[in-house]
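The values are calculated or read from the model by the stated rules, or taken from the named source; none is laboratory data. Keep in mind the model is a prediction, meaning the values are calculated, not measured. Cβ coordinates were reconstructed from backbone atoms using ideal geometry, including for glycine residues, and neighbour counts include every protein chain displayed. These accessible areas exclude ligands, DNA and RNA; they are computed on the full protein's heavy atoms, side chains included. Shrake-Rupley method; radii C 1.70, N 1.55, O 1.52, S 1.80 Å.
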Amino acid sequence: MTISNHRSILIVAAGDVLVFLIFAFGGRETHEPDSASLIGDLIRIMIPFVVTWFVVAIPIGVLRPDVLHQPRRASAQTLIAWLIAGPLAILLRSLLLGSGVILVPFFIVTMGLNAALLLVWHGTYAWWSTRRSPA
């Protein structure tokens, strides 16, 4: 694996973490804007999503260099991984928070918003990487 491939993997993985940070920050600001513990809240919200995402996405091949640089393939692999990781992340979050209830609106918004963010990020990166590579 080349240095360029390692760099691509690190960039996309960092972007994935940023996607979940954006999601966590938006949720926190929507539901608990007056909470004094910004960093603690964000970490608590993000951990189930980040961990579950990478546990699922890596074996599915989302971060493989041959996937990262092909927009259609990157989008397809990302969507497949999220459709598996998303419900698991929501379940893990529920268990960590000690809640036995997963509200349908939360499930729908979480699945849809994170799917959109991940697809835009992975698709854009793959498109950009094909534009900057020599032909």
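List of remarks:
- Quarter of Cα convex hull surface for the stretch 95-135, i.e. mean projection, nm²: 4.0
- Rg over Rh for the stretch 1-54 works out to 1.14, both radii taken from alpha-carbon positions and Rh defined as the Kirkwood radius.
- The dipole here belongs to the chain: it is taken about the Cα centre, uses +1 on the Cβ of Lys and Arg and -1 on the Cβ of Asp and Glu, and is about 540 debye.
- With R₀ set to 35 Å, the beta-carbon distance separating I11 from V101 gives a calculated FRET efficiency near 0.40.
- In the elastic network of the chain, a GNM with C-alpha springs shorter than 10 Å, the most mobile of P71, P33, P87 is P33.
- Cα-based helix-to-principal-axis angle, 71-96 vs the chain, degrees rounded to 10: 20
- Accessible surface computed residue by residue for the stretch 53-123, with neighbouring protein chains in place and a 1.4 Å probe, gives 52 Å² per residue.
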